[in-house]
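The numbers here are math on the coordinates, done by the rules we state, and not lab data. Since the model is a prediction, treat every value here as computed from it, not as a measurement. Cβ placement follows ideal geometry from the backbone for every residue including glycine, while neighbour counts extend to all protein chains displayed.
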Amino acid sequence: MTVRAIRGAIVVVEDTPACVLDATQRLVEAMLERNGAVGEDLISMLFTVTDDITSVFPAEAARRMGLGSVPLMCAREIPVAGSMPLVVRVLMHLHTQRSLTEVEPVYLDGAESLRDDLG
């Protein structure tokens, strides 16, 4: 096993607790599934949000998924002019057998455009 980091992002429909938590849960679930990981593999998760998300901490979604023993932290993205609004990003650190090139980042619901190298 080695330590890897997985990136992910999702655009939320609107800044309400229900929308932010639902989107964040879908993102975290997809990141785990696509990378063959389970909660026990996790080391920590860093969540960031754009300035227009203020209704709830996205880490609450991970706690509701049963990941409360995993260290979770929330922060704000740098407010760059012209950047995509209503985005939750996740940096997930975990133990895995996957090589660096086998780790799959996950971008959903319009966030795919943040990574032109993916496709």
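Computed values, structure above
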| item | result |
| --- | --- |
| Extension gain from M84 to M1, taking 0.36 nm per residue of separation minus the Cα-Cα distance | 26.3 nm |
| Helix-only CD estimate at 222 nm, as mean residue ellipticity for the chain, using -39500 (n - 2.57) per DSSP H run (n ≥ 4) | -6500 deg cm²/dmol |
| Ranking of I6, I53, I43 by count of other Cβ atoms within 10 Å, fewest first | I43, I6, I53 |
| Whole-percent pair-distance distribution, where bins are 5 Å wide, for the alpha carbons of the stretch 45-107 | 4, 15, 23, 20, 18, 12, 6, 1 |
| Å³ per residue enclosed by the Cα convex hull of the chain | 97 |
| In degrees, nearest ten, helix 17-34 long axis to first principal axis of the chain (Cα) | 30 |
| Top positive-direction residue, dipole computed over the stretch 2-118 with Cβ charges, set L100, S55, V88 | L100 |
| Added length on full extension, which subtracts the Cα-Cα distance from 0.36 nm per residue, V38 to E77 | 11.4 nm |
